[in-house]
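Peer 1: First the structure, then my questions, so here it is.
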Amino acid sequence: MDSIIVEELTRDQARAELARLSDVLAQANDAYHGADAPEISDAEYDRLKLRNAAIEARFPELKRSDSPSDQVGAAPSSGFGKITHAVSMLSLGNAFEDEDVAEFAQRIRKYLGLDASENVQFTAEPKIDGLSLSLRYESGKLVHAATRGDGSTGENVTDNACTIDSIPQEISDAPDVLEVRGEVYMSHADFEALNVRQTEAGEKVFANPRNAAAGSLRQLDSKITKSRPLRFFAYAWGELSTPLAQTQMGAIEKLASFGFEINPLTKVCDGPTSLVAHYRTIEAQRATLGYDIDGVVYKVDRLDLQARLGFRSTTPRWAIAHKFPAELAWTRLEAIDIQVGRTGALSPVARLAPVTVGGVVVSNATLHNEDYIAGRDSKGVEIRGGKDIREGDWVQVYRAGDVIPKIADVDVTKRPDGAAEYAFPATCPECGSDAVREEGDAVRYCTGGIICPAQAKEKLKHFVARKGFDIEGLGAKQVEMFYEDSELPIREPADIFTLARRDADNGLTKLKNRHGWGAQSASKLFEAIEEKRKIAFGRMLFALGIRHVGEAAAKDLALHFGEWHFLKEAAEGARAAALAWRAADEAEEAERIAAAREGRRGRIKETRDGAMARCAVPMGSKVAWEDLVGIDGIGASVAMSLTDAFANTHERAAIDRLVNELEIAPPEAPSQESPVAGKTVVFTGSLEKMTRAEAKARAESLGAKVAGSVSRKTDILVAGPGAGSKAAKAAELGIKILDEDGWLALIEGL
């Protein structure tokens, strides 16, 4: 129902949607305020709350008694004592666009009945992304500290608050009653150091500084809080026995005179234009502040006007929070590093000044390839207005959900003097081999193959991964250790299967005598390796990590060739034809580029057969090539990668050494006499009588193709409980749908 716009909801739909939103937002509040473990992003929370408010505005009679519009925070945890706030701790309304700020100022003037000649000033201050805290002082002494809680009642965290250095426990010349309110937060540097300590101690790491600060303040053991580097910014007050000043800014300065830290970016502004200008100034400094902010708060400066404006049920009329876009942030690009993957691809990575984007601390972002850095796509078309990316630039970072952070824009007005264009390396930074970029390819590749340490390590990690050899006790961490080991090195896959033999000859440096190992763990590793000497053909081929040869392609190749030596002979025999094919590809791409530059349409006339004839490709090589590319699911890219792997001297030798250590099991020939032979099957939902892996293997053994998504090519959908959207799409397309029992009945006896 979330997909139906508010204006199109029926009355019954609106009632149901309000009930759903109430549940979702209540759970989100508990997770964020109560457990310090947000389950949805701030942006999604704001979107849902705005939707709830819009529905209530259209159907005011349907507003629920537990409406999210009337709630602040979450109920206090039962683990703490409770404190009732003398003055409620309310939340703020939100502004997302510049127009919202102008409307806020206009509402203020209208409510107060001011004409155009009467000026209203505002304060603008960074909105700290931390945990709200209220400190009550009586006769200058701190008597208790409480979290916001549900706005009326908070958690008693007095002992914990007393461990924070920036919270004074005694104040001179303070009013008899003084409630100081502000935000507990953690700096970026302290957050990073804390996560390092947490990792070393085997404890959970925090997603962002806000979670770390909230989790640290809400410890039942104040000793833990004391060990955490918490800080406090003061920016407001609750109950007072004597007014602090006549203006918001004056009161903030008074809090500073009491010894509280106040934010130096707080400023008095004359109106919406000045407010937005200061918002832009703060936004530009966001990455260099050293702590997280998620917007700017605007407040009417005169306290007498604040009193006249008063409050709504959960928010003050005289204040609003202008939020930053949740998935966007500006920060400095400090360096461009090149990472080399298992296929040899050189991938540029932006090293950023850490900034929180969408609730996650971002310090790296992908830069895709050299064209992207230069401000163009792979076809030479400008992106970002043609602005290139240089070290030292201010860049806008974006992310959505779990997507890898990327660079959205560059502010060239802030580019440092003398910043040079980035020169993409023509040699591998790991091994010094040539890094080549083929015509039509956006990526540059290291030609070093297995002699490149970066490729070798990543290939080994891929080799032992779950879908590869899946050797228990030998994961990515152990691969790193063994690769650097001078006594028992693992530098290529075959080394894994000679490890036990080499260890037996190692004397005192045996694995069982190493730090972190013992006789039992070493023995278990050797046993786990031994169990994997017999391996399925397709699984072994996938584990090699050959470029373009994924899990499905490896399985298709294994089924086609049946035995390893047939595949090897085909890859070796097709080499000459593959080179001719590549030459024709490069000539065609060169012609396309030349034609584009000359403003004409052009395409090379030579056919692939013509290229093979010109290159004098033997008929046997042509036949072998056609055999490879003729396999269903195998194209020229996969075939060329195979021939490259077997033509590379070092890689071929490493493969041969591995094969000598293994027993490669041929695939079982699929049945061609079954009702599902040749059909495409999709499994969805929960299967109760077999695992998903078992169901897939059984279907394939009967000659079926198993796909992961429903399309017009799908013949059968096997739907268990919780099938969801796949079942709906299958029904829409008229695809045969079976439950698990129906599927088993179909294949029964086969």
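A short reminder: the numbers here are calculations on the coordinates, not readings from a lab. Remember, it's a predicted structure, so these values are computed and weren't measured experimentally. Glycine also receives a Cβ, built like all others from the backbone with ideal geometry; neighbour counts cover every protein chain displayed.
Peer 1: Which value, in debye to the nearest 20, gives the size of the charge dipole of the chain about its Cα centre, when Lys and Arg are +1 and Asp and Glu are -1 at the Cβ?
Peer 2: Computed about the Cα centre, the dipole is about 340 debye.
Peer 1: A further question follows. Which whole-number percent gives the relative contact order of the stretch 354-436, counting Cα pairs below 8 Å spaced six or more residues apart?
Peer 2: Reported as a whole number, the value is 24 percent.
Peer 1: Right, another one. Only counting other Cβ atoms within 10 Å, I'd like T447, T247, T509 sorted with the fewest neighbours first.
Peer 2: Values: T447 16, T247 20, T509 13.
Starting with the residue having the fewest Cβ neighbours, the order is T509, T447, T247.
Peer 1: To continue, here is another question. Between Q106 and Q27, what FRET efficiency follows from the Cβ-Cβ distance if R0 is 41 Å, with the result rounded to 0.05?
Peer 2: 0.70
Peer 1: Are there any GluC sites (Glu not before Pro) in the stretch 684-739 that are in a DSSP loop and have at most 11 other Cβ atoms within 10 Å? List them by number.
Peer 2: E688
Peer 1: I would also like to ask the following. How would you rank 535-547, 419-431, highest first, on the average number of other Cβ atoms within 10 Å across their residues?
Peer 2: Taking the mean over residues of other Cβ atoms within 10 Å, the ranking is 535-547, 419-431.
Peer 1: Next question. Only bridges whose two residues both fall in the chain count here: according to DSSP, what percent of them are antiparallel, nearest 5?
Peer 2: Of the beta bridges lying entirely in the chain, close to 80 percent run antiparallel.
Peer 1: Determine which residues of the stretch 510-531 fall in the zone a paramagnetic label at E472 would reach in this model, i.e. backbone nitrogen under 20 Å from the point 7 Å along Cα→Cβ.
Peer 2: The answer is 512, 517-531.
Peer 1: Ok, one more. For the chain, what's the relative contact order in percent, using C-alpha pairs closer than 8 Å and at least 6 residues apart? Please report the intermediate quantities before stating the final value.
Peer 2: On the way: 1337 pairs, mean separation 59.7, N = 750.
After rounding, I find 8 percent.
Peer 1: If one takes the longest principal axis of the Cα atoms in the chain, at what angle in degrees, from 0 to 90 and to the nearest 10, does the Cα axis of helix 551-561 lie?
Peer 2: Approximately 10 degrees, to the nearest ten.
Peer 1: Ratio of alpha-carbon Rg to the 2.2 N^0.38 Å globular estimate for the stretch 354-436, to two decimals, please.
Peer 2: The value comes to 1.21.
Peer 1: Determine, for each peptide in 453-462, 713-722, the mean count of other beta carbons within 10 angstrom over its residues, then list the peptides with the highest first.
Peer 2: 453-462, 713-722
Peer 1: Pop the C-beta distance of E239 and R280 into the FRET formula with R0 = 30 Å and round what comes out to the nearest 0.05.
Peer 2: In this case the efficiency is close to 0.25.
Peer 1: Mind checking the full-extension length gain between H565 and E261? Use 0.36 nm per residue of separation minus the Cα-Cα distance, one decimal, nm.
Peer 2: Roughly 102.1 nm would be gained on extension.
Peer 1: Still on this structure, please answer the following. In nm, to one decimal, how far is the A57 label point from the E8 one, both placed 7 Å along Cα→Cβ?
Peer 2: 2.0 nm
Peer 1: Label-point separation (nm) for T509 and V623, each offset 7 Å from Cα along Cα-to-Cβ?
Peer 2: Distance between the two pseudo-spin positions: 5.2 nm.
Peer 1: Now, a different point. How about the stretch 324-410: which trypsin sites (Lys or Arg not before Pro) there lie in a loop by DSSP and see at most 14 other Cβ atoms within 10 Å? Please list the in-between numbers first.
Peer 2: Working: sites: R332, R342, R351, R376, K379, R384, K387, R390, R399, K406; in loops: R342, K379, K387, R390, R399.
In loop regions of the stretch 324-410 (DSSP not H, G, I, E or B), the sparsely surrounded trypsin sites (Lys or Arg not before Pro) are K379.
Peer 1: Quickly work out the A587-to-V412 label distance, labels modelled 7 Å from Cα along the C-beta direction, and quote it in nm with one decimal.
Peer 2: Going by the 7 Å Cα→Cβ label model, 4.0 nm.
Peer 1: Based only on other Cβ atoms within 10 Å, what is the fewest-to-most ordering of M186, M690?
Peer 2: Numbers: M186 29, M690 15.
Sorted ascending by nearby Cβ count, the order is M690, M186.
Peer 1: Next question, about the same structure. Please say if the chain is rounded, prolate or oblate, where rounded means a/c under 1.5 for a ≥ b ≥ c the square roots of the C-alpha gyration tensor eigenvalues, and otherwise the choice is prolate for a/b larger than b/c and oblate otherwise?
Peer 2: In terms of gyration-tensor shape, prolate.
Peer 1: Does the stretch 680-747 come out rounded, prolate or oblate, given a ≥ b ≥ c as the square roots of the eigenvalues of its C-alpha gyration tensor, rounded meaning a/c under 1.5 and, failing that, prolate meaning a/b above b/c?
Peer 2: Judged from the Cα gyration tensor, the stretch 680-747 comes out oblate (a/c at least 1.5, b/c at or above a/b).
Peer 1: Now a separate question. So how much slack lies between A420 and V659, counting 0.36 nm per residue of separation and subtracting their Cα-Cα distance, in nm?
Peer 2: Here the answer is 81.2 nm.
Peer 1: Taking square-rooted eigenvalues a ≥ b ≥ c of the alpha carbon gyration tensor, is the stretch 93-323 rounded, prolate or oblate, where a/c under 1.5 means rounded and, failing that, a/b exceeding b/c means prolate? Mind dumping the intermediate values first?
Peer 2: Details: a/c = 2.18, a/b = 1.43, b/c = 1.53.
Because a/c hits 1.5 or more and a/b fails to exceed b/c, the stretch 93-323 counts as oblate.
Peer 1: Give the residues of the stretch 248-280 whose amide nitrogen is closer than 16 Å to a point set 7 Å from the Cα of V120 in the direction of its Cβ.
Peer 2: 248, 269-276
Peer 1: Rounded to the nearest 500, what is the 222 nm mean residue ellipticity of the chain from helices alone, with -39500 (n - 2.57) per DSSP H run of 4+ residues and division by all residues? Provide the component values of the computation, followed by the final result.
Peer 2: Details: 27 runs with 283 residues, N = 750.
Result for the chain: -11500 deg cm²/dmol, rounded to the nearest 500.
Peer 1: Here's a follow-up. Mind pulling the angle between the C-alpha long axis of helix 98-112 and the longest principal axis of the chain? Nearest 10 degrees, somewhere in 0 to 90.
Peer 2: Relative to the chain, helix 98-112 is tipped by roughly 20 degrees.
Peer 1: Further question: Report the calculated FRET efficiency for V436 and A307 (r = Cβ-Cβ distance, R0 = 45 Å), to the nearest 0.05.
Peer 2: Details: r = 72 Å, r/R0 = 1.60.
Taking R0 as 45 Å, the efficiency between V436 and A307 is 0.05.
Peer 1: Could you tell me the distance between the Cα centroids of the stretch 119-174 and the stretch 225-239, to the nearest Å?
Peer 2: 6 Å
Peer 1: Taking Cα pairs under 8 Å and at least six residues apart, what relative contact order does the stretch 78-188 come out at, in percent?
Peer 2: Worked out over the stretch 78-188, it gives 33 percent.
Peer 1: Moving to a separate point now. How much length, in nm to one decimal, is gained on full extension between V143 and R64, taken as 0.36 nm per residue of separation minus their Cα-Cα distance?
Peer 2: Working: separation 79, 0.36 × 79 = 28.44 nm, distance 3.79 nm.
Taking 0.36 nm per residue and subtracting the Cα distance, the gain is 24.7 nm.
Peer 1: What ranking do 468-477, 548-557 get when scored by the average of other Cβ atoms within 10 Å per residue, highest first?
Peer 2: Ranked from most to least packed, the peptides come out as 548-557, 468-477.
Peer 1: Still on this structure: In degrees, nearest 10, range 0 to 90: what is the angle between the Cα axis of helix 188-200 and the longest Cα principal axis of the chain?
Peer 2: 50 degrees
Peer 1: With 10 angstrom as the radius, rank E44, E7 by how many other C-beta atoms surround their C-beta, starting from the fewest.
Peer 2: With the fewest neighbours first, E44, E7 line up as E7, E44.
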